[in-house]
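Notes for the one structure printed next.
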Amino acid sequence: HAAHIEHPSVRQNTAERLHVQATREVLELARACTKLRVLVHHSTTYISGDRRGLVLESELDLGQKPRNAIEATRLHAEKLVQRASKSLPIVVMRPSTLVGDSRTGAVDRLDGAYLLVLLVLTSPTDLPLPLPTEGDALLQTVPVDWVARTAIELGHDRRAIGHTFHLVEPNPLTTRRACEAIARAAGKPEPRGHIPANVTKAILSTPGLDRFLRSPRAFLDQLAQRRRKRAQHAAL
């Protein structure tokens, strides 16, 4: 079950219908299947909401506060799935932020982490770019084709049933290091200094910007969140 919506500005009732109600229907179908092998549920690491620090695969609801309708409804959906796993063969995957194909770089929209790429590419060639936020947050991204292949592998591995998997970069770059790498590749000066988060949010509220990026302020909130997800089952 992979149907979901990502941009955090979505209306509550839309997110509720797609994430929670659709998950209930998938679970109902799974219970009706007489020869079900496995149900692979695509969740997200962002169900951890406003938590900081290390987040484990074994943890689900530790009193975290969701920051938007997406996080709230996807957390609700995973709770339904985890309860159902007592009687159904279920594997839960929690990928971090998805980016384009690992080989071609193809992406269907400029969103999320691509905000950093746009900021660097559109900066003046003779003026170092200040970073949005301090730049010390970890940039957790995974390519969409790898997530798809992993879903298939887990679905065929009986040892995976009953477990939750964080699909994350084991050694993620900080936002600053990622921007420096993008700048070098684009022939731009490397970033210097940073803009306070509240000022950056005001800039990202510019009318018309949402035509190019979905909810850039929500992504900025993610950049300011200092946490790390541990993948305990990487060798499975």
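Observations
Residues checked against (1) without any contact (Cβ under 8 Å) to a residue 60 or more places away in the chain; (2) within 30 Å of Thr34 (Cβ to Cβ):
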{"residue": "Leu75", "(1), (2)": "yes, no"}
{"residue": "Leu88", "(1), (2)": "no, yes"}
{"residue": "Leu116", "(1), (2)": "no, no"}
{"residue": "Leu121", "(1), (2)": "no, no"}
{"residue": "Thr141", "(1), (2)": "yes, no"}
{"residue": "Ala151", "(1), (2)": "no, yes"}
{"residue": "Thr174", "(1), (2)": "yes, no"}
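- Residue within the stretch 51-62 that is over 21 Å from Thr150 (Cβ atoms), of a type in the set (Ser, Thr, Tyr) and part of a loop (DSSP other than H, G, I, E, B) present: no
- The one condition in (1) outside any strand (DSSP E or B); (2) under 27 Å from Thr141 (Cα atoms) that Val40 fails to fulfil: (1)
- Among (1) closer than 25 Å to Arg158 by Cβ; (2) at pLDDT 90 or above - the single one Ala2 does not satisfy: (2)
- Meets criteria (at pLDDT below 95, in a helix (DSSP H, G or I), of a type in the set (Val, Ile, Thr) and farther than 19 Å from Leu154 by Cβ) for Ile70: yes
- Of the set (1) closer than 30 Å to Gln82 by Cβ; (2) open to solvent by less than 30 Å² (accessible area, probe 1.4 Å); (3) modelled with pLDDT of 55 or more, all apply to Arg227 but (3).
- Restricting Thr73, Thr23 to residues that are over 30 Å from Asp136 (Cα atoms), in contact with a helix residue (DSSP H, G or I) (Cβ under 6 Å, 6 or more places away or on another chain) and open to solvent by less than 10 Å² (accessible area, probe 1.4 Å) narrows the list to Thr23.
- Residue selection: Ala15 fails the criterion of being over 21 Å from Leu98 (Cα atoms) and of a type in the set (A, V, I, L, M, F, W, C).
The values are calculated or read from the model by the stated rules, or taken from the named source; none is laboratory data. Nothing here was measured: the structure is a model prediction, and the numbers come from that model. Note: ideal-geometry Cβ built from the backbone for every residue, glycine included; neighbour counts use all protein chains shown. Note: areas computed on protein heavy atoms with side chains; ligands, DNA, RNA excluded. Shrake-Rupley method; radii C 1.70, N 1.55, O 1.52, S 1.80 Å.
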